[in-house]
Amino acid sequence: MSIIYAMSDIHGHYDEFIESLSKVDLTDTDNRLLLLGDYIDGGSQSFQVISKIIELEKKFPDQVITLLGNHEEYFSEWLFEEDGASKYTSYDTIISFIGQNKRKNIVDTVISDFSLSDEECLAQINKKIRDCVTSEYPEIVGWFRNKYFNSERFYETDTQIFVHAGIDEEFGENWKLYSNPDIFTNKFPASIGFFYKDIISGHIASSEVANDPSYLGKIYYDQKSHYFIDGCVGKSHIIPILCYNTVTQSYNY
């Protein structure tokens with residue numbers, strides 16, 4: 001017997017992440033943990049969450065599968081794209097990397113140059129913060145670079161599709177060929193109903209998809225083919241775990 005565990009939308013909530021991880025058993029080398037994106041932004045410990053994920057990947061290289069969400073893509077655009085400096089504004093995530101004092105020192109140094117316009121100041125602050133993150137955390141920046149440029153945005157089994165936001169279901173079995181890549185991390189609104197494989201996703205809070213506040217912090221199954229596992233940790237302080245038994249082909253949550 002092997003179990004596939006899935007969780008999503010950690011959003012910088014490290015303590016809740018550790019609590020959920022305590023329920024995951026990777027001592028059985030057949031078990032897998034799928035992380036479906038949005039590890040950063042929202043809470044105050046994005047750096048700690050990413051560091052823990054990298055640690056897990058090193059310890060269980062054949063068992064931990066990590067997908068990116070839209071928030072990791074935003075952060076990666078800020079790090080690597082030419083026009084990315086203006087796209088990223090998550091104060092808490094930046095502070096989790098460089099701390100308030102270092103950020104303050106960067107800001108104070110830049111604004112002390114009275115020859116710069118407001119727009120130039122903002123651009124310089126953004127660049128210096130980005131350079132600071134890049135120089136101080138090369139391993140994490142390298143992790144983002146590899147995931148952003150080289151990794152798939154979904155994980156597929158014979159009967160399931162794990163993805164951050166969703167796929168274009170109108171294409172049926174040709175979804176991999178014709179889905180706009182942006183849809184894997186940014187799909188909105190969610191789809192419900194029958195599909196030829198189960199789709200496990202986060203991105204949109206389960207309580208929102210269900211239109212039922214009692215699903216806050218829980219997993220919502222549409223009774224057809226979709227499992228929504230974003231527990232809205234910012235409100236619920238819970239990161240729910242979907243468990244799939246590959247022998248009985250049954251879900252538990």
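FYI, it's all coordinate maths here, none of it is from the lab. Keep in mind the model is a prediction, meaning the values are calculated, not measured. Here the Cβ positions follow ideal geometry from the backbone for every residue, glycine too, while neighbour counts run over all protein chains shown.
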- Task: Average the reciprocal distances over every distinct pair of alpha-carbons in region 205-253, invert the result, and give the Kirkwood radius in Å.
- Result: 11.1
- Message: Can you sort L68, L79 from fewest to most other Cβ atoms within 10 Å of each residue's own Cβ?
- Response: L79, L68
- Task: Taking the dipole about the Cα centre of the chain, with the C-beta of Lys and Arg at +1 and of Asp and Glu at -1, give me whichever of V163, T66, A210 is farthest to the positive side.
- Result: T66
- Can you give me the relative contact order of the chain as a percent, contacts being Cα pairs under 8 Å and 6 or more apart? 22
- Just one of (i) 0.94; (ii) 1.01; (iii) 0.96 is Rg/Rh (Cα atoms, Kirkwood Rh) calculated from these coordinates, so which is it? (ii)
- Item | Shape category assigned to region 78-140 from the gyration tensor of Cα positions, a/c cut at 1.5 | oblate
- Item | Of K127/K147; K176/K218; K147/K235; K104/K235, those spanning more than 25 Å from alpha-carbon to alpha-carbon | K176/K218; K147/K235; K104/K235
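How charged is the neighbourhood of S44? Take every other residue with its Cβ under 11 Å from the Cβ of S44, and add Lys/Arg as +1 and Asp/Glu as -1.
Once all neighbours under 11 Å are counted, the net charge is -3.
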- Which percentage, to the nearest 5, of the DSSP beta bridges contained in the chain is antiparallel? 45
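May I ask you to compute the full-extension gain from T159 to D212, defined as 0.36 nm times their residue separation minus their alpha-carbon distance, rounded to one decimal in nm? Can you show the working numbers first?
Working: separation 53, 0.36 × 53 = 19.08 nm, distance 2.77 nm.
Extra length available between T159 and D212 comes to 16.3 nm.
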- Note on the structure: Put in order of increasing Cβ neighbours within 10 Å, starting from the fewest, M1, M7 give M1, M7
- Message: Tell me the angle of helix 118-136 to the major Cα principal axis of the chain, expressed in degrees between 0 and 90 and rounded to the nearest ten.
- Response: 60
- Item | Contact order relative to length of region 86-211, as percent, for alpha carbon pairs under 8 angstrom and 6 or more apart | 18
